[in-house]
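The values are calculated or read from the model by the stated rules, or taken from the named source; none is laboratory data. Only a predicted model underlies this, so the values are computations on that prediction, with no experimental measurement involved. As a convention, Cβ positions derive from the backbone with ideal geometry for all residues, glycine included, and neighbour counts pool all protein chains shown.
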Amino acid sequence: MTHAAKIFSIFEMINERKIDMHKHDDRINLQKLTYILQSAGLKFGYSFSWYVKGPYCPPLASDAFRYFESKKAENINLSPSEGQLVRNLKQSFAGVLVDPKQLELYASLLFIKDRNKLSFSGEALSNELASLKPWFTKKDALTAVERLSSSNLFPS
């Protein structure tokens, strides 16, 4: 089983539809969702860097396009802990994980937190986001930080 196959399967579980790599929003969602999944503990081995819409990984994009174009149908079985993590994410972040703007906000916050070794407490994280992405309000950032922190799905 490839990492792309597992990521596609999780995307489908969360979005309740298949991914279409020809759609810009689906490509954004795939990148951000994968970063969030890795931040929550799933191991795909992708390294992300900062890009216009937050964390981005060119090898993930290549793998995803290759898998999508192959039209392979792999039977994906998540481990019990992986399945539980996906269910917890879906429940804790209902509405967020299907919206490109919200995924950009949450994935960007997690990336900034990890890169700068910040915590969820205080305003440093939301201030850094505001300096990099002024189109998000400080209130948006603070609300997202609180939601990420209270979910207990991400290391503090």
Say we look at the range 90-138 and pick out the residues that are at positive phi and modelled with pLDDT under 90; which of these is surrounded by the most Cβ atoms within 10 Å (Cβ to Cβ)? Gly122
Restricted to the range 2-24 and to residues being under 15 Å from Ser70 (Cβ atoms) and touching a Lys or Arg at 6+ places or on another chain (Cβ under 8 Å), the residue surrounded by the most Cβ atoms within 10 Å (Cβ to Cβ) is Ala4
Filtering the range 33-73 down to residues that are at pLDDT 95 or above, under 22 Å from Ser131 (Cβ atoms) and part of a loop (DSSP other than H, G, I, E, B) yields Phe48
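From the list Leu60, Leu78, Leu30, pick out the single residue that is in contact (Cβ under 8 Å) with a residue 24 or more places away in the chain, over 17 Å from Leu109 (Cα atoms) and under 13 Å from the mean Cα position of the chain (by Cα). Don't jump to the end; show me each part of the working.
On the way: Leu78 fails: under 13 Å from the mean Cα position of the chain (by Cα); Leu30 fails: over 17 Å from Leu109 (Cα atoms).
Answer to the check: Leu60.
Are any of the residues in the range 25-32 surrounded by fewer than 13 Cβ atoms within 10 Å (Cβ to Cβ) and part of a helix (DSSP H, G or I)?
We begin by selecting, within the range 25-32, every residue surrounded by fewer than 13 Cβ atoms within 10 Å (Cβ to Cβ); these are none.
Scanning the range 25-32, I find no residue that is surrounded by fewer than 13 Cβ atoms within 10 Å (Cβ to Cβ) and part of a helix (DSSP H, G or I), so the answer is no.
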Members of the range 33-46 found to be buried (at least 21 other Cβ atoms within 10 Å of the Cβ) and in contact (Cβ under 8 Å) with a residue 60 or more places away in the chain, listed by number: Leu33, Tyr35, Ile36, Ser39
The number of residues in the range 140-156 that are among the charged types (D, E, K, R), farther than 20 Å from Lys53 by Cβ and either modelled with pLDDT under 90 or surrounded by 13 or more Cβ atoms within 10 Å (Cβ to Cβ) (or both) is 0
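Restricting attention to the range 93-107, does a residue exist that is over 24 Å from Cys57 (Cα atoms) and of a type outside the set (Asp, Glu)?
Let us first name the residues in the range 93-107 that are over 24 Å from Cys57 (Cα atoms), namely 94.
Next, only the ones that are of a type outside the set (Asp, Glu) stay: 94.
Looking through the range 93-107, at least one residue is over 24 Å from Cys57 (Cα atoms) and of a type outside the set (Asp, Glu).
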